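J.: Could you have a look at this structure, given as structure tokens, before my questions?
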Amino acid sequence: MLDWLTDYKIPVGKFAKTLFDWLTANGGPVFDVISDVMDALIEAVLFALQWPHPLVVIGILVAITWGIQHNWKTCLLVSLGFLFVLNQGYWEAMTESLALIVIACATCMLIGVPIGIAAAHRPRLQQALTPVLDLMQTLPTFVYLIPAIVFFGLGMVPGLLATVIFVLPAPIRLTALGIASTPVALMEAAESFGATNSQRLWKVELPWALPQIMAGLTQAIMLSLSMVVIAALVGADGLGVPVVRALNTVNTSLGFESGIIIVVVAIILDRMLKVTRT
């Protein structure tokens, strides 16, 4: 009855295939450079995490936690969490996932915070970004893997790119929210003292929005961890590999064990980076 409508199907899939084919044919050198840079970054982070003794790395991470939180209870929680990961034999897999998370979150923050600031100051830009960010967050994550595999093959790089695309909306939205929520009284006080636009940004808006920005970072970390298993499907190493192996072999013990490790890592990173407004 609706054949007349389906006969004139809008060629969304064909358009996407044509676009990907054109990019593959003409963007090879660009994708090679991106792949080489990302591979180098991943190797550098992995070297920093895997070359020292695990206890040394744990000590450094606990020291970073103390520098951020100044709370011995949080430092104890972080140290016990990492020792648990080491005890369960997942240290190497954890560092591989941590490398992907660190690079993905750093990339998202470097891109997302400036965009969030611009969106908070320009309502039209925010209106234009909203549907794009909605699309990025609601599109099934497996869809991101298709062009990543087409352009970069299997391995850590496509998993990293898919993670960045999926995670990027979080820091943009939360940064814009934090900047936009700066009290009018603070802005008026800064203006009365003759502060320039850049001074208001650096000395009023960003300090006020810091908890929201850090919330964007922790949200990015949680979303990155949710991509660990999906990235393993395209050859990315890390904590997702034992989860996929457990799923394929219906190994309840391995699946529960690796799942608990992912939860522990999520809790550790959240407590390490949690910032509250003082």
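The values are calculated or read from the model by the stated rules, or taken from the named source; none is laboratory data. Not measured: the values here are computed from a predicted model. All Cβ positions, even for glycine, are placed from backbone atoms using ideal geometry, and neighbour counts span all protein chains on display. Accessible surface areas use protein heavy atoms only, side chains included; no ligands, DNA or RNA. Shrake-Rupley method; radii C 1.70, N 1.55, O 1.52, S 1.80 Å.
J.: With a 1.4 Å probe and all protein chains in place, put D32, D270, D134 in order of accessible area, largest first.
T.: If we order D32, D270, D134 from most to least accessible, we get D32, D134, D270.
J.: Can you send over the solvent-accessible area of L80, 1.4 Å probe, protein chains only, in Å² to the nearest 10?
T.: Counting only protein heavy atoms, L80 exposes about 100 Å² to solvent.
J.: Give me the 1.4 Å probe accessible area per residue for the chain, excluding ligands and nucleic acids, in Å².
T.: That works out to 56 Å² for each residue.
J.: Additional query: Helix-only estimate, please: 222 nm mean residue ellipticity of the chain, summing -39500 (n - 2.57) across DSSP H runs of length 4 or more and dividing by its residues, to the nearest 500.
T.: -26500 deg cm²/dmol
J.: Could you run the Karplus curve 6.51 cos²θ - 1.76 cosθ + 1.60 with θ = phi - 60° over the range 241-257 and give me ³J(HN,Hα) per residue in whole Hz, x for Gly and Pro?
T.: Listing the rounded values in order: 5, x, 5, 5, 5, 5, 5, 5, 9, 6, 9, 4, 4, 5, x, 5, 4 Hz.
J.: Between K274 and T249, what FRET efficiency follows from the Cβ-Cβ distance if R0 is 41 Å, with the result rounded to 0.05?
T.: 0.65
J.: Could you identify which residue out of A185, A118, A162 has the top mean-square fluctuation in a GNM of the chain using Cα springs shorter than 10 Å?
T.: Highest fluctuation of the listed residues: A185.
J.: Rounded to the nearest percent, how much of the accessible area of the chain (1.4 Å probe, protein heavy atoms only) is carbon and sulfur?
T.: 70 percent
J.: Tell me which of H121, L135, T252 sits at the most positive position along the dipole axis of the chain, charges placed on C-beta atoms (Lys, Arg +1; Asp, Glu -1).
T.: H121
J.: Still on this structure: May I ask for the longest run of the chain untouched by chymotrypsin sites (Phe, Trp or Tyr not before Pro) that are loop-located per DSSP and have at most 13 neighbouring C-beta atoms (other than their own) within 10 Å?
T.: 9-192
J.: If I115, I172 are ordered by their accessible area, calculated over protein heavy atoms with a 1.4 Å probe, which sequence runs from highest to lowest?
T.: Result of the area sort, largest leading: I115, I172.
J.: Going by a ≥ b ≥ c, the root eigenvalues of the Cα gyration tensor, does the range 32-175 fall in the rounded group (a/c under 1.5), the prolate group (a/b larger than b/c) or the oblate group?
T.: Verdict is oblate for the range 32-175.
J.: Just by accessible area at a 1.4 angstrom probe, what is the order of K14, K73 from largest to smallest?
T.: So, going from the largest accessible area down, we get K14, K73.
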